[in-house]
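Down below is the structure, laid out as structure tokens.
The numbers here are math on the coordinates, done by the rules we state, and not lab data. None of these values were measured; they are calculated from a predicted model. For neighbour counting, all protein chains shown are included, and Cβ atoms are generated from backbone atoms with ideal geometry for every residue, glycine included.
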Ligand code: TYD
């Protein structure tokens, strides 16, 4: 039987979670994971979402590129070619993100949900900022995102390019984004963004360690934000 002691929402473990009423937070929480390919974003975003759900918090997992038509088109072209021209690529990422904000992010924020997302505008700043053909600076790329809701924290899973590429290769997946020299420039861009970007805090986590240790570091960053949003 469910033991309804005080603070039950916070204390009950995952096994009992299914019995619990899902509680909204006092205000929304928006966490984004960033990093180069192979840095472990998907694993860590899923673990964080599970942790939050186990506490009875309404969680939404999102990804960019999205699973919508534009995101799938970006993936298909990266996988099967012909490669997108840099301008076209940038425009598709922006359009995909606008759709995600409109259809997923804003409604979830309005319901005080916790949003855990793989990639957002920092990917555009780091990846498209590493395409000299575009000729756009970090500031130019950031300016394109002035209107979007800002994450409460961006967690950069920091991993060197060789380890990232080895992890991607072991999954038997390869696409046009995963060229070594390009990824090295992307990583450099990401690292230059640690601290604060356009009003959003960017925290670095060493992603070369075991998934459990990375998860613990991520939780240290996110837990205070969760606690500050728990209803009394
Ligand atoms: P990725 O997260 O690897 O998606 P999946 O593994 O599901 O295919 O994203 C695909 C690639 O898109 C990745 O290499 C980074 C790139 N990308 C950009 O260049 N700019 C962006 O704004 C985004 C969101 C992703």
- Item | Projected label distance in nm at residue 208 and residue 61, using a 7 Å step from Cα toward the beta-carbon | 2.8
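What is the extension gain from residue 75 to residue 184, computed as 0.36 nm multiplied by their sequence separation minus the C-alpha to C-alpha distance, in nm to one decimal?
Working: separation 109, 0.36 × 109 = 39.24 nm, distance 2.09 nm.
So the extension gain works out to 37.2 nm.
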- Message: At R0 = 41 Å, how high is the FRET efficiency between residue 134 and residue 227 if r is their beta carbon distance? Nearest 0.05 is fine.
- Response: 0.50
- Could you give the C-alpha radius of gyration of the stretch 177-232 expressed as a fraction of 2.2 N^0.38 Å, taking N as the number of residues it contains? 1.47
- Item | For the chain, share of DSSP beta bridges that run antiparallel, in % to the nearest 5 | 10
- Using 0.36 nm per residue, how much length does the chain from residue 85 to residue 98 gain when fully extended, once their Cα-Cα distance is taken away? 2.7 nm
- First measure r as the distance between the Cβ atoms of residue 43 and residue 191, then evaluate 1/(1 + (r/R0)^6) with R0 = 25 Å and state the FRET efficiency to the nearest 0.05. 0.75
- Message: List residues of the stretch 53-93, by number, whose backbone nitrogen lies under 16 Å from a label position 7 Å along Cα→C-beta of residue 147.
- Response: 91-93
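Ranked highest first by average number of other Cβ atoms within 10 Å, how do 221-228, 44-51, 76-83 line up?
Details: 221-228: 14.4, 44-51: 19.4, 76-83: 12.0.
Output ranking for 221-228, 44-51, 76-83: 44-51, 221-228, 76-83.
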- Message: From the alpha carbon gyration tensor of the stretch 36-227, can you work out the equivalent ellipsoid semi-axes (sqrt of 5 times each eigenvalue) and give them in Å, largest to smallest?
- Response: 25, 20, 17
- Message: Calculate the FRET efficiency for residue 111 and residue 219 from the Cβ-Cβ distance with a Förster distance of 22 Å, rounded to the nearest 0.05.
- Response: 0.40
- Between the alpha-carbon centers of the stretch 121-169 and the stretch 31-104, tell me the distance in whole angstrom. 12
